[in-house]
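Since the structure comes first, as C-alpha cells, the remarks are kept for the end.
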Amino acid sequence: MEAREIPWPLFSTLSSAHVVLEDFLLRFDLDNPFVISPDSELYHRAFGFLLSWRLTLKLFAVSKPEIRSQYAAFFRESQLVSGLLHFLFCLMPVTGVFHADTGSTPSQGIMRLPKFFSEKPQMDPTASASLLELQHLACCVYFGAVRHIPALVREWFNGLDRRGASAVDRFTSQNVSPLLCSRDIGATQKVDKAKLRNMTIKARPVAREVVATCSVEDITFEILVKLAENHPLGAVTIEAGRPIGVSNSQWSYWTLQLTTFLTHQNGSILDGLLLWKRNIDKKFEGVQECYVCFNVLHSSTSQLPKLLCRTCKKKFHSSCLYKWFSTSGHSTCPLCRSIF
C-alpha cells in the first residue's frame with residue numbers, strides 16, 4: 001500500500017517535537033513515569049506534541065478507508081507511532097494515581113485512571129500550566145490511539161521486551177480495555193438499520209462478543225467476533241458457522257479476510273462486519289471476486305475488482321495486481337500468464 005503523508009503542518013510539528021523528546025525519553029523506562037515541570041520548555045513542547053497527535057488521530061478517524069490505509073503505511077514507515085507510545089507510557093502513571101503538580105506527594109491531585117480516559121481535558125487557556133492536565137491529555141491521546149490505530153499499537157506492543165510488554169499489558173487491561181470494549185461493541189448497536197439491511201448484529205458486552213447474521217436468498221450466514229481481555233493488544237477471535245450455499249474455500253477466504261482486517265487494519269468491528277456482509281452480497285449478485293485475494297471487496301480499499309485481463313477475462317483489484325507484479329517480477333496475468 002502506497003504511503004500518504006499527513007498534512008505538512010501536523011507532520012512538521014510531530015517530527016520536530018519527536019526529535020527534541022527522543023533523547024530525553026531514552027533515560028526512562030515504560031513502567032517508570034517521569035514528572036515534567038509545568039514551568040519548563042519541555043512541558044510546552046510535550047503539550048504541543050500531544051495536541052498535534054490528538055488532531056492527527058481525529059483526522060485519521062474521519063478519513064475514507066483507502067486514505068486511512070495510506071496514512072497507516074506512512075506512520076509505519078516513519079516510526080512516529082512508536083515514539084508517541086513510548087512517550088505516553090513514560091508520562092502516564094502506571095501506578096494508578098496521578099502525581100500532584102508539585103511532584104512531591106502523590107496523594108494530592110489523585111484521580112482514578114478510567115475517568116481520565118473517558119473524559120476530555122478542559123484545557124483552559126486562562127488557567128496556569130498543570131502537570132495533571134498534561135497527564136490527562138496523554139491518557140486521552142492513548143485512548144485515541146488504541147481506538148483509531150489499534151493495529152499499529154499492537155505491532156508496537158508485540159515488539160517490546162518482556163518487561164515493557166508486561167507493563168503495557170497490565171496498564172491497558174486494567175484501565176483502557178474495559179472502556180474500549182464497551183464502546184466498540186456498543187457502536188455495533190448504534191448503526192442505522194437501513195445500512196445493515198439483511199444483517200443483524202447482537203452484542204454480548206459481558207462476554208466481549210458480537211454475533212452477526214446475514215441472510216441472502218433464504219440462506220443464513222453467522223459469524224462471532226470475540227475481543228481479548230487486553231483489547232486491542234490481544235488478537236481478535238473469529239468463530240464462523242458452517243457455510244451453506246458457498247464452498248468451504250470461499251467461506252474460509254471471507255473469514256480470513258475479516259480476521260486479517262480486524263488484526264492488521266485500523267478499522268472497527270462494525271467496519272469489519274460491513275466488509276464481510278458486502279462480500280456476501282456481491283457474491284450473490286454475481287460480482288466476480290479478485291483471483292489474487294479471492295475476495296470481492298479489497299480489505300484495505302473496499303474497492304471492487306476492476307482491472308480486466310484481455311485474455312482470460314478475469315478481474316483483479318489494482319492493489320492485488322500491483323503486489324503480484326512486484327513479487328513475481330513479471331507484468332503477467334496471475335492466472336493465464338498473458339502480458340497485462
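Maximal additional length on extending the Arg310-Ile67 stretch stands at 84.5 nm, based on 0.36 nm per residue less the C-alpha distance. Judged by a Cβ-Cβ distance under 4.7 Å, the unpaired cysteines of the chain are Cys90, Cys139, Cys140, Cys181, Cys214, Cys290, Cys293, Cys320.
For Val216, the residues whose modelled amide H falls within less than 5 Å of its own, excluding neighbours fewer than 5 places apart on the same chain, are Phe221. Between Ala127 and Ala187, the modelled label-to-label distance comes to 2.8 nm, taking each label 7 Å out from Cα in the direction of the beta carbon.
Annotated for region 234-340: lysine pairs at least 8 residues apart or interchain, Cα distance under 17 Å, count 11.
Charged side chains reduced to their Cβ positions (Lys and Arg at +1, Asp and Glu at -1) give the chain a dipole of some 1380 debye around its Cα centre. Remark: spin-label model distance Ile339-Leu224 equals 5.4 nm, labels positioned 7 Å along the Cα→Cβ axis.
In the chain, helical runs assigned H by DSSP with n ≥ 4 each contribute -39500 (n - 2.57); averaged across all residues and rounded to the nearest 500, the mean residue ellipticity at 222 nm is -16000 deg cm²/dmol. Identify, among Thr200, Leu180, Val168, the residue whose Cα sits farthest towards the positive end of the charge dipole of region 161-202, taking +1 on the Cβ of Lys and Arg and -1 on the Cβ of Asp and Glu, with the dipole about the Cα centre. Most positive-ward Cα: Thr200. With each label modelled as a point 7 angstrom along the Cα→C-beta vector, the Glu22-Ser318 pair spans 3.4 nm. Once the 1.4 Å probe is applied to the protein heavy atoms, region 248-340 comes out at 49 Å² accessible per residue. Candidate values (1) 1.50; (2) 1.13; (3) 1.38 were compared with Cα Rg over 2.2 N^0.38 Å computed on the shown model; the agreeing label is (2).
Fully extending the segment from Ala207 to Asp161 would add 13.6 nm, taking 0.36 nm per residue of separation and subtracting the current Cα-Cα distance. Loop-located chymotrypsin sites (Phe, Trp or Tyr not before Pro) in region 274-307 (DSSP state not H, G, I, E or B) with no more than 16 neighbouring Cβ atoms inside 10 Å: Phe294. Of the solvent-accessible surface of the chain, computed with a 1.4 Å probe and all protein chains present, 52% belongs to carbon and sulfur. Could you pull out every whole DSSP H run in the chain that spans at least 30 Å of Cα extent along its own axis and averages 0.5 or higher on the Kyte-Doolittle scale? In the chain, the long hydrophobic H runs are 41-62.
The values are calculated or read from the model by the stated rules, or taken from the named source; none is laboratory data. All values derive from a computational prediction rather than experimental measurement. Don't worry about glycine lacking a Cβ; one is built from the backbone with ideal geometry, like all the others, and counts go over all protein chains shown. Just the protein is used for accessible areas: all its heavy atoms, side chains included, with ligands, DNA and RNA removed. Shrake-Rupley method; radii C 1.70, N 1.55, O 1.52, S 1.80 Å.
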